[in-house]
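Just so you know, all these numbers are worked out from the coordinates, no wet-lab data involved. Nothing here was measured: the structure is a model prediction, and the numbers come from that model. Cβ sites come from the backbone with ideal geometry, for glycine too, and all protein chains shown count toward neighbours.
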Amino acid sequence: MNEWQGVIHHYREYLPVSDATPVVTLLEGNTPLLRAYWLEQQLGKGFEVYLKYEGTNPTCSFKDRGMTVAVSKAIEEGQKAVICASTGNTSASAAAYAARGGIICAVLIPKDAIALGKLAQALVHGATVIALRGNFDDALRLVREITEKYPIRLVNSINPHRIEGQKTASFEICDRLGSAPDFHCIPVGNAGNITAYWKGYKEYLQYKKIEYTPRMLGFQAAGAAPIVRGFPIEKPETIATAIRIGNPASWKKAENARDESGGIIDIVTDEEIMDAYKIIVSKEGIFCEPASAASVAGLMKQAQRGYFKKALQEKGKIKIVCTLTGHGLKDPDVAIKYSPPAIESSTNIDEVVEKIGLSNKL
Ligand code: AN7
């Protein structure tokens, strides 16, 4: 059968699974890699830009790639329950895969600080949702402590099975392009995903599926940029709630991905994130969430600074992939707030026509 059967099935030989692993899947992965024509025009000659749109995963974020492996392995190892701290997407994914696998799920989220769609997802899938009077870093600290003391499996990205699953995104990109990109731009929050992508690229190199690896370019929100600033941020702040994280679990691994790949981890402001968001949704026609736009904001910022100049001179043409980590519908509040409002009208045709703006053309 040629039908897509999820990342464990497709990349089984690269993953820590065996015939004994009960595969819990919602057919995640196989996400679109879209050319960003409008962005290419803005950036100028030589830029070939692709958007890896992870919003088409079953729970609408990249977390599903890791969660299929983490939940399958938890069940294989006899676990009856999983738990995570989350800025929203991990909890949505854990809740869905736990439901699918028939096990219990508990999630700790910062109260009033996660996007509405993500909260709805955790609730509908039947997770026990704890709204913590604290931030993500408090939640993660608690979850670590709880899993040391109680028989419940941690499914944050410090669980290595999460990283294993998420590295398949790199495989898909290389399989599609026929090579690695030259640069890979990615938002950084808890830093699991940059760790996973880099692991994926390195393994594909090792297996001779690609001939070189990309430079990894990670981007943190300015108000939540511990790696760039060099110390934990006690009260992280950003409109991109998904990456409002002050003390990332995979801090060292992210630095390692940056240094081994010859890349950078840099800052983008909320304003730059929202400028990129508007371009992605209104010019490329792809609906991503604010945190996802950090990758494109970073690309535009670095291009403006001349970061790619040398590579362009050397190669003539450079391939850049930006990961769009989650779907825009996750965060309808931001979407509506940053768009022109709907225009109310009576049912009178002249009024409707006028308000559409057609009347002055007639
Ligand atoms: C849309 O759900 O940390 O650097 O708890 O939801 O691997 O953390 C989400 C992170 C980027 C950052 N984009 O990835 C959580 C959580 C979106 C995200 C990130 C997240 P990592």
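How would you classify the stretch 221-338 from its alpha-carbon gyration tensor, with a ≥ b ≥ c the square roots of the eigenvalues: rounded for a/c under 1.5, else prolate if a/b is greater than b/c, otherwise oblate? It comes out oblate by the Cα gyration axes. Only one residue of Ala122, Phe136, Cys174 has its Cα farthest out toward the positive end of the dipole of the chain, where Lys and Arg carry +1 and Asp and Glu -1 on Cβ, and that residue is Cys174.
What are the membrane-span-like helices in the chain by this rule: whole DSSP H runs, Cα extent along the axis at least 27 Å, mean Kyte-Doolittle hydropathy at least 1.0? Spell out each step's value before the answer.
On the way: long enough: none.
Flagged H segments: there are none.
The count of lysine pairs in the stretch 43-185 whose Cα atoms are under 29 Å apart, excluding pairs fewer than 8 places apart on the same chain, comes to 20.
Give me the percent of Cα-Cα pairs in the chain that sit more than 29 Å apart, rounded to a whole number.
Details: 25503 of 65341 pairs.
Here the tail beyond 29 Å accounts for 39 percent of pairs.
Can you give me the Rg/Rh ratio for the stretch 1-106, using Cα atoms for both radii and the Kirkwood formula for Rh? Dividing the radius of gyration by the Kirkwood radius yields 1.09. Annotation: cysteines of the chain without a disulfide-compatible partner (Cβ-Cβ under 4.7 angstrom) are Cys60, Cys84, Cys105, Cys174, Cys288. Its alpha carbons give the stretch 278-326 an Rg and a Dmax of 12.4, 34 Å. Across the stretch 38-97, C-alpha contacts under 8 Å between residues 6 or more apart give a mean separation that, scaled by the residue count, equals a relative contact order of 28 percent. Each Lys and Arg Cβ is given +1 and each Asp and Glu Cβ -1; about its Cα centre, the stretch 174-309 then shows a dipole of about 300 debye. Taking Lys and Arg as +1 and Asp and Glu as -1, the other residues whose beta-carbon sits under 11 Å from that of Val155 total +4.
When a/c reaches 1.5 or more, the comparison of a/b and b/c decides; with that in mind, is the stretch 104-207 rounded, prolate or oblate per its Cα gyration tensor? The partial results should precede the final answer.
Working: a/c = 2.44, a/b = 1.97, b/c = 1.24.
Note, shape of the stretch 104-207 comes out prolate.
The length gained by stretching the chain between Thr128 and Asp333 to full extension, at 0.36 nm per residue less their Cα-Cα distance, is 71.4 nm.
Counted by neighbouring Cβ atoms within 10 Å, the residues Asp19, Asp266, Asp175 run from fewest to most as Asp19, Asp175, Asp266. Counting neighbouring Cβ atoms within 10 Å and putting the fewest first, the residues His184, His9, His161 line up as His9, His161, His184. Among the lysines of the stretch 240-362, pairs that are 8 or more positions apart or on different chains and have alpha carbons within less than 22 Å of each other number 16. The distance separating the Cα centre of the stretch 216-278 from that of the stretch 126-182 comes to 17 Å. Highest GNM mean-square fluctuation among Gly44, Gly328, Gly117, for the chain modelled with Cα contacts below 10 Å: Gly44.
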